[in-house]
Amino acid sequence: MIKKLTLGLMFFAASSLFAESAITAIKVSNSIDLSKTKPNDAIWSKAKANEVICYPQTTIKFNDKKANELNAQNKAKAANISAIYNAHSLAFKITWNDATQNIQLPQKSDIYGDGVAVQFAQKFDDPKKLPYIGMGSKDREVLIYLQKAVEQYFEPNKDIEHQVSRDNTNAFGDDLKKYDAAVKALAINEYHKVFVGEGFRSMTQVRSDYGKLGMDMSYKGGKWSAIFTKPMSDEYVDISKAGAIPASFALWDGDKLGRDGLKYLSSWVAVKFQGKKGGDALVDELTSEPAGDVQAGEAQVKAMCASCHRFADQNAAPAAMGPALYNIGGYSTSAYLAESIKEPNAVVVPGYNRNAHPSFSWYSVDDNGTRTTTMPPMMNDDKSIADAVAYLKTLKAEVEK
Ligand code: HEC
């Protein structure tokens, strides 16, 4: 009996190394306005929380020595994510542990707030060709909902009466409470934004109607809880007809000077709509384990790729000769990894990379702005690629306890 149990646990531990489960969005009544949901609302008890791991994004080295030092030993962070939907919207609730609450102050440029984002793929009909996970790439756009913890502030000229300092109100007791409540209701949170991304440097803000976007972030007892609501259909991404969609999640830790690309990032996660048909191929693609042989893959990858790429246990390549692959298995899908090896030009890791090796740029740009990677196609036969992918999928940091 004991033996059986141990075996079962071992199997579980081994398989959970790879297997990622899908999130099921639970259907709720159409009469509920999901954009008004708060993390503690009873409605969330209907949805199961799924653990989604967000890995330190190590592709591009950040241009800030102190930040790099603070983040050198980063482990991955686990977020708990649940989802509900109705005919109008899809809502996510995301909670994660963070020992320090960091709030960005409007006047300070060196203090960074904690933050969280959800990324949607504009096109997801081919689960093997999802957008590049770090903010999309050419012809594979993403829609990003982002919120950051910032100090609340007032929109100028909206309400003069409540713009005086709290100490100058002459209000006491209940009056002061009323004053505080009025101030809170009027304050806006600057960092509720929605972007379309086609690569690191092409973020276009598409909505700025802050406060109406159905986002919310609150901190209590060492834990953040955030809500994101997306309309089932808008001009950027229509998810109303899908049985399942890909979504990915990102976290920023202001305490470690996290901002922009310095974040924790999940891979594409399948989100299934309870009671809807379709999307099986997507769910399969994002939840199945790679079939290749990890050991054979490791031997090949170390022999063929280590001259340009760094691995956690092998740093022979000059710094930033190519993207560091420390966490590539955490935030990349198997299909993306296979594509990167076979057709390196399908997705050229986008953006201007300030830290690229001075005599070795990652890509060249022609007169039309088309980028051509300097990585040669590495392998052609399916077995070698499958083995390499199985190994690359193991490359990821441990999860922080
Ligand atoms: C000649 C140098 C070179 C070699 C050899 C090389 N790569 Fe690359 N690789 C690059 C460069 C440069 C990029 C970034 C530009 C791009 O996206 O193609 C890259 C990008 C990648 C990416 C995407 C990284 C990301 O962050 O999304 C993966 C995965 C990858 N390579 C895997 C491999 C594997 C596996 C091998 C060996 C089979 C290999 N590379 C061999 C230079 C190289």
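At-a-glance table
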read-out	value
Residues satisfying the stated conditions in the stretch 45-98, i.e. more than 15 Å from D253 (Cβ to Cβ) and among the aromatic types (F, W, Y)	Y85, F92
Cβ-Cβ under 6 Å pairs, at least 6 apart or on other chains, the stretch 302-327 side in the same structural domain as D387 (by TED's automatic domain parsing), far side among the basic types (K, R) and more than 9 Å from the ligand (Cβ to nearest atom)	A317/R310; A320/K61; A324/R310; N327/K396
Subset of the stretch 317-337 [farther than 13 Å from K393 by Cα, among the hydrophobic types (A, V, I, L, M, F, W, C) and within 11 Å of the ligand (Cβ to nearest atom)]	A317, A320, M321, A324
Out of K46, K77, K93, sole residue that is closer than 14 Å to S266 by Cβ and among the basic types (K, R)	K77
For Y55: the one exception among (1) within 16 Å of the ligand (Cβ to nearest atom); (2) at pLDDT below 90	(2)
Hey, S89 over 29 Å from L325 (Cβ atoms) and touching a strand residue (DSSP E or B) at 6+ places or on another chain (Cβ under 8 Å) or not	yes
Selected residue (criterion: nearest to A76 (Cα to Cα)) from residues of the stretch 290-336 that are of a type in the set (V, I, T) and within 25 Å of the chain's Cα centre (by Cα)	I328
Some residue of the stretch 353-372 being within 12 Å of the ligand (Cβ to nearest atom), within 30 Å of L251 (Cβ to Cβ), assigned by TED's automatic domain parsing to the domain that holds I239 and of a type in the set (A, V, I, L, M)	no
The stretch 274-316, residues that are within 16 Å of the ligand (Cβ to nearest atom) and touching a helix residue (DSSP H, G or I) at 6+ places or on another chain (Cβ under 7 Å)	P290, G292, D293, V294, A296, G297, E298, Q300, V301, Q314
Of residues in the stretch 230-263 being of a type in the set (S, T, Y) and part of a strand (DSSP E or B), the one farthest from K61 (Cα to Cα)	S233
Selection count, the stretch 10-33, where residues are modelled with pLDDT of 95 or more and not in a loop (DSSP other than H, G, I, E, B)	5
So Q300, is it more than 30 Å from W96 (Cβ to Cβ), polar (S, T, N, Q) and touching a Lys or Arg at 6+ places or on another chain (Cβ under 7 Å)	no
Residue within the stretch 337-347 that is of a type in the set (G, A, S), outside any loop (DSSP other than H, G, I, E, B) and in contact with a Pro (Cβ under 8 Å, 6 or more places away or on another chain) present	no
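Here is a yes/no grid of residues against (1) in a loop (DSSP other than H, G, I, E, B); (2) under 23 Å from S82 (Cα atoms); (3) away from the ligand (no atom under 15 Å from the Cβ):
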residue	(1), (2), (3)
Q101	yes, yes, yes
I111	yes, no, yes
V118	no, yes, yes
Y132	yes, no, no
L143	no, yes, yes
L146	no, yes, yes
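The values are calculated or read from the model by the stated rules, or taken from the named source; none is laboratory data. Please read all numbers here as calculations on a predicted model, not as lab measurements. Heads up, the Cβs are rebuilt from the backbone with ideal geometry, glycines too, and the neighbour counts pull from every protein chain shown.
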